[in-house]
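Notes for the one structure printed next.
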Amino acid sequence: MHAFKDGITRFNAANMNELLSLQNFTMISEGEIMDDNSGAGIAENSLANYTYTAKFRTFPSEYGRIELELDKDGIGSDLTVEIRGNDFNPNGSNDGTLVCSLVIPKEFIALTKSYISVPIPDELEFLTDYWVRVNKAGDAINKIDWIGESSQDTAHPAYRRFGSSGAWAANNDLHFKYYSGYYGMPKHVIYAENQRITIDWVLGLPTKIYTYLPPAVPPGGIREVLALSWANGIPITGVKA
């Protein structure tokens, strides 16, 4: 019986070894701010009520990331963030060419307002306008708010829509920061186009590592946060947060 079990173990291990291989990856660094639409406003735009979109402009043509100022109510909700082309038309005739779409797990969003980094795994065109869109999700108790101002910004127009089609209504200013992706410490690593790692840094040391591996059928997947502690520049502990 033991020999049989040992044989099965060796068989499974051999099969697993054949599945192991190096994965393609894209690394996006902290970068430099190229378009900034932040402010002191505290207006909460509930994603339980609408899908929101806001315009930003690229400068260098390279991989980058965009930070959205968000907060969470209750347990929150997973967010689907999209980057769409400038063929977007608020009259509803064109929602804009989809460049990429990523899920941000609700576990990675803080209860109090803070900027959440979203990688852009596709190269964007030089000096081109794009739209960052966050799709409607959640309910009145468990939801995410996109923080913004109480007035509109003509340089960074924003819109909202209740349904999945039709015209969009003008919305007040929404906070975001767009970064180039080739400067500073690593911020995001994307493996095989779906597994994502996000790293928080304090004084040149990584303090939190966020890992998300989407499931075959949403929701779920692997969504974990590891908090690191340091002493004299040496990592001492890593604790699941």
Can you give me the P(r) profile for the stretch 139-241? Cα pairs, bins 5 angstrom wide beginning at 0, each as a whole percent.
-> 2, 9, 11, 13, 16, 16, 16, 10, 4, 2, 1, 0
Listed by chain and number, the residues whose amide H is under 5 Å from that of Val118, excluding neighbours fewer than 5 places away on the same chain and using placed H, are Ile66, Glu67, Leu68
How big, in percent, is the set of alpha carbon pairs in the chain lying more than 29 Å apart?
-> 34
Base-10 log of normalised Debye intensity for the stretch 15-128 (one unit scatterer per alpha-carbon) at q = 0.15, 0.16, 0.17, 0.20 Å⁻¹ = -0.82, -0.91, -1.01, -1.29
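Explain nothing, just the number: dipole magnitude of the chain about its Cα centre with +1 on each Lys and Arg Cβ and -1 on each Asp and Glu Cβ, in debye rounded to the nearest 20.
680
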With θ set to phi - 60° and the Karplus curve 6.51 cos²θ - 1.76 cosθ + 1.60, what are the ³J(HN,Hα) couplings of the stretch 194-201 in order, to the nearest whole Hz, using x for Gly and Pro?
-> 9, 7, 10, 10, 10, 10, 9, 10
Kindly provide the helix-only [θ] at 222 nm of the chain, computed as the sum of -39,500 (n - 2.57) over DSSP H runs of four or more divided by all residues, to the nearest 500 deg cm²/dmol?
-> -2500 deg cm²/dmol
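Filter the cross-link list Lys55/Lys208; Lys55/Lys113; Lys106/Lys143 down to pairs whose alpha-carbon distance in this structure exceeds 18 Å.
Lys55/Lys208; Lys55/Lys113
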From the backbone phi of the stretch 89-95, what are the Karplus-calculated ³J(HN,Hα) couplings (6.51 cos²θ - 1.76 cosθ + 1.60, θ = phi - 60°) in whole Hz, Gly and Pro given as x?
-> 10, x, 6, x, 6, 8, 7
Local electrostatic count at Ile83 - Lys and Arg +1, Asp and Glu -1, tallied over other residues with Cβ under 9 Å | 0
Please turn the phi angles of the stretch 158-175 into ³J(HN,Hα) values with the Karplus equation 6.51 cos²θ - 1.76 cosθ + 1.60 (θ = phi - 60°), one per residue in order, whole Hz, x for glycine and proline.
-> 9, 9, 9, 8, 6, x, 8, 8, x, 6, 9, 9, 4, 10, 5, 3, 10, 7
0 to 90° range, to nearest 10: angle between helix 2-19 axis and the chain longest Cα axis = 40
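No lab work stands behind these numbers, since they all come straight from the coordinates. The structure presented is a predicted model; accordingly, all values stated were derived computationally and were not measured. Neighbour counts run over all protein chains shown; Cβ positions are idealised from the backbone, glycine included.
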